[in-house]
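Here's the structure, in structure tokens; my notes come after.
The values are calculated or read from the model by the stated rules, or taken from the named source; none is laboratory data. Note that the coordinates shown come from a computational prediction; the quantities given were computed from them, not determined experimentally. Virtual Cβ from ideal backbone geometry, glycine too; neighbours counted across all protein chains shown.
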Amino acid sequence: MTGIKHVLFRILKSEITLISIERTVIVLNIRTWIYVSLVIILWSLSAAVEAVILRSLTPMEFCAWGTTFGSLSLFIIIISTGRMNTIHSYSFRDHLRLLLFSMLGFAGYQTLKYTAFTMVPIPQANILQYTYPIFIVIFALPVLNQKLTISKTVDITMGFIGAAIILSGGSLVTLNRMYLNGYLIALGAGASFGLFSVLASQAAFEPVSSMFFMQVYSALVMVSILVFKGLLAFPSGINEIAGVFYAGVMGHVVGVMLLIAAQRSTNDVSYISGTLYLIPFLSLFAFKLFLNFPIPLYAFTGLVFIVGGMVIHTTISNRRQID
């Protein structure tokens, strides 16, 4: 799962305020949970869909057409919701930053992730790219001048222990050299999206219009590269088109819009963030159920460490904010 969802969550979280100091009445209605459930379903299935489509499309082709479909759907949303004024609110310098963000969070991230999917066992690669929240914590230290706390240290340490478990095939003694390059590329995808998330959070652009431009720039760059190499080809079969549509529109656009709606329907987003930690585990379940991919115990153990560190850090941070 993947795409701009995490950085939007961080941006929107800052818009939610607790009204009462002594006691906060938490608003969680049925509509909130419907939105969240749909988000979890969409994003849990995304990696399995990507795995299938990468059997016929190259990573660059998949990224190019996914961001193209995403751009078109976002443009329709912008028009239908009366956000056209936001399109004209960016300066030339803003567009240069959006171009950089698009390379980190879309073109670069997706190409690295999809390349890793074609080189190593996909469940393990998907877990390693999910280290991007750890890289968010790391990059936020110098970029946002955040302090290194105990909870952040625990998050980073547990995250890299989890990554090491996968890199070593569960031994923690020697690296699995057969898959090392692909695993490092998957980690590179996580680092790329982590840096993107921090920089985009710092810029604090309007979420929908900025995501539109980032997808447009990614599509233009990737399509241009394919044209230059003489490799541009439109997805030919129904399965390819459906897969690209799912990844580019349902995952990266509809899922994000549902998350925005969910967060705006409650006054405590921490409950929503907690449920999102289910996604990488459900992705493993989808790999096994639909594609019959083997899920080694060490891969599951590595994921527990990675997600466990995030949960500890988030829980402690939320308690500090309430206090």
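Some values worked out for this structure:
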{"item": "Some residue of region 139-151 being in contact with a His (Cβ under 7 Å, 6 or more places away or on another chain), surrounded by fewer than 24 Cβ atoms within 10 Å (Cβ to Cβ) and either free of Cβ contacts under 8 Å to residues at least 24 places away in the same chain or not aliphatic (A, V, I, L, M) (or both)", "result": "yes"}
{"item": "Single residue of A140, A107, A125 found to be in contact with a helix residue (DSSP H, G or I) (Cβ under 8 Å, 6 or more places away or on another chain) and more than 25 Å from I53 (Cβ to Cβ)", "result": "A140"}
{"item": "Residue match in region 179-193 (condition: of a type in the set (S, T, N, Q), surrounded by fewer than 16 Cβ atoms within 10 Å (Cβ to Cβ), at pLDDT 95 or above and touching a helix residue (DSSP H, G or I) at 6+ places or on another chain (Cβ under 8 Å))", "result": "yes"}
{"item": "Evaluation of T115 against (1) touching a residue at least 60 places away in the same chain (Cβ under 8 Å); (2) over 30 Å from V311 (Cβ atoms) (one fails), failing number", "result": "(2)"}
{"item": "Only one of G170, G194 that is part of a loop (DSSP other than H, G, I, E, B) and touching a Pro at 6+ places or on another chain (Cβ under 8 Å)", "result": "G170"}
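Listed here are the residues, each with its yes/no results for (1) at pLDDT 95 or above; (2) outside any loop (DSSP other than H, G, I, E, B).
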{"position": "S89", "(1), (2)": "no, no"}
{"position": "L98", "(1), (2)": "yes, yes"}
{"position": "L104", "(1), (2)": "yes, yes"}
{"position": "I127", "(1), (2)": "yes, yes"}
{"position": "P133", "(1), (2)": "no, yes"}
{"position": "P142", "(1), (2)": "yes, yes"}
{"position": "K147", "(1), (2)": "no, no"}
{"position": "G159", "(1), (2)": "yes, yes"}
{"position": "G162", "(1), (2)": "yes, yes"}
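So that you can scan it fast, the table gives a plain yes or no per residue for (1) of a type outside the set (A, V, I, L, M); (2) over 21 Å from V52 (Cβ atoms); (3) touching a residue at least 40 places away in the same chain (Cβ under 8 Å):
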site: V221; (1), (2), (3): no, yes, yes
site: S224; (1), (2), (3): yes, yes, no
site: F228; (1), (2), (3): yes, yes, no
site: P235; (1), (2), (3): yes, no, yes
site: G248; (1), (2), (3): yes, no, yes
site: T266; (1), (2), (3): yes, yes, yes
site: G274; (1), (2), (3): yes, yes, yes
